[in-house]
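Asks: I have a structure here, written as structure tokens, and I will follow up with some questions on it.
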Amino acid sequence: MSGTVHIIGAGLAGLSAALKLSARGERVIVHEATAFAGGRCRSYHDATLGMTIDNGNHLLLSGNHAALDYLRDIDAEKHLIDPKAAEFPFVDLASGQRWTLRFNEGRLPFWVFDSDRRVPGTHATDYLPLAKLLWASSGKSVGEVIACQGTLYRRLVEPLLLAALNIDPPQGSAKLASAVIRETLAAGGRACRPLIARDGLGPTLIEPALARLQRGGVTVRLEHQLRAMRFAAERVEALDFGGEAIVLAADDAVILAVPPYAATLLVPSLDAPTQFRAIVNAHFRIEPPAGQPPLVGVLNGTVQWIFSFPGRLSVTISAGDRLIDTARDVLAKSIWSEVASVAGLAEALPPWQIVRERRATFAATPAQDAKRPGAATQWRNFALAGDWTNTGLPATIEGAIRSGNRAAALISDRTAASGQ
Ligand SMILES: Cc1cc2nc3c(=O)[nH]c(=O)nc-3n(C[C@H](O)[C@H](O)[C@H](O)COP(=O)(O)OP(=O)(O)OC[C@H]3O[C@@H](n4cnc5c(N)ncnc54)[C@H](O)[C@@H]3O)c2cc1C
């Protein structure tokens with residue numbers, strides 16, 4: 001290809017598209033509105049805590065093959081905590097009970113038949129109805145397909161789907177839940193190891209990608225917000241960055257990798273998700289106690305997951321919309337009292353920070369899922385990417401990276417087909 005591919009947005013979707021295209025020797029320019037790359041997946045220095053934190057704790061699973069390929073391509077797998085086994089410690093704040101869910105490696109779910117591995121209080125037969133989710137038709141919600149009650153639901157299905165879909169599971173799309181279960185639980189323990197960016201999201205997923213792009217001659221223009229696009233019948237003709245307009249040559253192309261609320265302002269009559277769910281994170285500057293696991297699931301509290309990093313304990317609360325208006329200090333105190341009780345630490349509140357991402361992900365309902373467009377558009381030099389496009393997955397790192405790869409392939413294929 002002799003033209004330039006302009007990628008709008010330097011989140012994971014934009015970066016993965018840029019990496020793929022640059023690896024094929026294509027000329028790429030990335031345009032990012034803000035002063036930093038990474039979008040919803042980034043690290044920054046927090047002055048209150050006096051340390052670098054992530055905008056939100058992010059969990060990958062070992063079955064996220066596109067994300068792992070991306071990390072291999074940028075030589076950043078070494079920044080992950082990758083445990084040898086797929087094990088998830090849980091604490092139930094209501095009963096005080098603690099257990100560890102231990103998946104076996106292969107696809108055959110032996111763990112379900114072993115009371116030391118499965119969820120306490122459940123029987124092997126309780127797991128059978130989960131198979132219904134695997135074949136759920138699109139348009140159905142999780143609540144329409146399985147009974148959202150009982151011990152297995154409360155102790156496994158709810159925490160898993162809440163984290164993966166970022167929505168109260170009964171409202172969630174059964175099709176998206178099915179994709180999550182197919183690629184994790186049903187694929188066996190080798191797809192379920194929890195992977196955490198030990199050194200932070202920036203040093204793991206973003207900075208090595210920027211370094212690789214720079215070595216490949218890709219320009220990343222920060223604080224360069226796309227304001228408008230000019231469309232002709234078959235192609236995008238020009239990009240307007242406010243003070244600067246770029247008229248596209250015949251063989252130039254564009255990948256738009258911005259969130260849906262930005263994309264709908266730029267593309268006429270684009271159908272895209274319009275509803276979102278929040279994620280609340282709380283960060284506490286404190287040395288985790290010896291033996292604190294990297295990740296603990298918490299039930300029957302406000303806290304859902306506790307992540308442990310050097311010098312910091314951090315909490316994730318998915319579908320956290322109900323907490324958006326709670327006073328920050330009230331929230332910090334109540335979250336800390338749960339963390340202290342789980343980790344066996346003093347009640348005294350350590351230095352804290354609350355980060356609330358209001359539009360963390362699109363609302364993974366069947367109706368919103370149906371609004372997700374594919375990568376291809378009616379304009380031959382223009383493709384869409386982003387975790388909200390129709391990847392078949394919920395809004396995740398894996399979905400964002402797959403969407404970027406797919407848009408890059410589409411633009412390359414079209415260019416090859418048109419003989420440019
Ligand atoms: C708190 C939180 C926790 C999460 N936890 C997990 C998790 O545990 N596991 C997981 O897999 N996923 C998780 N996610 C989801 C994951 O972060 C996202 O799916 C992923 O980062 C989305 O990447 P993206 O490139 O599609 O979009 P974005 O990251 O939103 O990137 C879009 C980029 O486009 C830029 N942009 C917007 N408008 C313009 C414009 N006009 N011109 C130029 N640039 C523009 C934006 O500034 C942004 O940098 C979480 C998200 C949040 C917020």
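The values are calculated or read from the model by the stated rules, or taken from the named source; none is laboratory data. If you're wondering where the values come from, they're calculated on a predicted model, not measured in any experiment. Glycine gets a Cβ as well: all are built from the backbone with ideal geometry, and neighbour counts include every protein chain shown.
Asks: Looking at ALA245, ALA257, ALA272, ALA232, which is the one that is of a type in the set (Gly, Ala, Ser), touching a helix residue (DSSP H, G or I) at 6+ places or on another chain (Cβ under 9 Å), surrounded by fewer than 22 Cβ atoms within 10 Å (Cβ to Cβ) and over 30 Å from THR302 (Cβ atoms)?
Replies: Testing whether each residue is of a type in the set (Gly, Ala, Ser), touching a helix residue (DSSP H, G or I) at 6+ places or on another chain (Cβ under 9 Å), surrounded by fewer than 22 Cβ atoms within 10 Å (Cβ to Cβ) and over 30 Å from THR302 (Cβ atoms) leaves just ALA272.
Asks: Next question. Quick test for you: out of VAL220, VAL258, pick the one residue that is assigned to a loop (DSSP other than H, G, I, E, B), under 23 Å from the mean Cα position of the chain (by Cα), in contact (Cβ under 8 Å) with a residue 60 or more places away in the chain and in the same structural domain as ALA400 (by TED's automatic domain parsing). I'd like the intermediate steps shown before the answer.
Replies: Details: VAL220 fails: assigned to a loop (DSSP other than H, G, I, E, B).
It is VAL258.
Asks: Another question about this same structure. Any idea which of (1) surrounded by 22 or more Cβ atoms within 10 Å (Cβ to Cβ); (2) of a type in the set (A, V, I, L, M); (3) under 19 Å from the mean Cα position of the chain (by Cα); (4) outside the structural domain of ASP252 (by TED's automatic domain parsing) is the one LEU313 doesn't satisfy?
Replies: (3)
Asks: If you don't mind, another one. Looking at segment 168-182 only, could you name the residues that are assigned to a helix (DSSP H, G or I) and in contact (Cβ under 8 Å) with a residue 40 or more places away in the chain?
Replies: Hits for segment 168-182 are GLN171, ALA174, LYS175, LEU176, ALA177, SER178, ALA179, VAL180, ILE181, ARG182.
Asks: Considering each of THR204, THR184, THR219 in turn, give the residue that is of a type in the set (Ser, Thr, Tyr) and under 19 Å from ILE255 (Cα atoms).
Replies: Of the residues listed, the single one that is of a type in the set (Ser, Thr, Tyr) and under 19 Å from ILE255 (Cα atoms) is THR219.
Asks: Residues of segment 199-218 being of a type outside the set (Gly, Ala, Ser) and within 14 Å of the ligand (Cβ to nearest atom), which ones?
Replies: Within segment 199-218, LEU201, THR204, LEU205, ILE206, LEU210 qualify.
Asks: Under the condition of being more than 8 Å from the ligand (Cβ to nearest atom) and of a type in the set (Gly, Ala, Ser), which residue from segment 17-40 is farthest from the chain's Cα centre (by Cα)?
Replies: Filtering segment 17-40 down to residues more than 8 Å from the ligand (Cβ to nearest atom) leaves 17-30, 35.
Filter once more, so that each one left must be of a type in the set (Gly, Ala, Ser): 17-18, 22-23, 25, 35.
Numbers: ALA17: 16, ALA18: 19, SER22: 24, ALA23: 24, GLY25: 28, ALA35: 21 Å.
Within segment 17-40, the match that is farthest from the chain's Cα centre (by Cα) is GLY25.
Asks: Sort through ASP92, ASP75 and tell me the only one that's closer than 18 Å to PRO208 by Cα, more than 14 Å from the ligand (Cβ to nearest atom) and of a type in the set (Asp, Glu).
Replies: After ruling out the rest, the residue left standing is ASP75.
Asks: Is it true that some residue in segment 275-285 is crowded, with 17+ Cβ neighbours inside 10 Å and assigned to a loop (DSSP other than H, G, I, E, B)?
Replies: The answer is no; no qualifying residue exists.
Asks: Quick one: ALA86 ticks every box in (1) at pLDDT 95 or above; (2) within 15 Å of the ligand (Cβ to nearest atom) except a single one, so which number is it?
Replies: With (1) at pLDDT 95 or above; (2) within 15 Å of the ligand (Cβ to nearest atom) applied to ALA86, the lone miss is (2).
Asks: Inspect all residues belonging to segment 338-349 and state whether any of them is closer than 20 Å to ILE167 by Cβ and more than 16 Å from the ligand (Cβ to nearest atom).
Replies: Taking every residue of segment 338-349 in turn, none turns out to be closer than 20 Å to ILE167 by Cβ and more than 16 Å from the ligand (Cβ to nearest atom).
Asks: So, one more: Quick one: which of ALA249, ALA272, ALA233 is in contact (Cβ under 8 Å) with a residue 24 or more places away in the chain, in a loop (DSSP other than H, G, I, E, B), over 18 Å from ALA385 (Cβ atoms) and not acidic (Asp, Glu)?
Replies: ALA249
Asks: Next question. List the residue pairs whose Cβ atoms are under 6 Å apart, where the first residue sits in segment 123-138 and is farther than 16 Å from SER173 by Cβ, the second is of a type in the set (A, V, I, L, M) and crowded, with 17+ Cβ neighbours inside 10 Å, and the two are 6 or more positions apart or on different chains.
Replies: As it stands, the answer is ALA124/VAL112; ASP126/LEU152; TYR127/VAL112; PRO129/ILE146, since those pairs meet every condition given.
Asks: Would you kindly identify the helices (runs of 4 or more DSSP H) lying entirely within segment 74-167 that contain at least 3 residues that are within 22 Å of SER318 (Cα to Cα)? Spell out how you get there, then give the answer.
Replies: Numbers: elements: 130-134, 142-145, 158-165.
Passing ranges, in order: 142-145, 158-165.
Asks: Is it the case, given these coordinates, that PRO289 is more than 28 Å from GLY11 (Cα to Cα) and under 23 Å from the mean Cα position of the chain (by Cα)?
Replies: Judged against the criteria, PRO289 is not a match.
Asks: Taking segment 45-73, which residues are at pLDDT 95 or above, more than 29 Å from ALA187 (Cα to Cα) and not in a strand (DSSP E or B)?
Replies: ALA47, THR48, LEU49, GLY50 - these are the residues of segment 45-73 that are at pLDDT 95 or above, more than 29 Å from ALA187 (Cα to Cα) and not in a strand (DSSP E or B).
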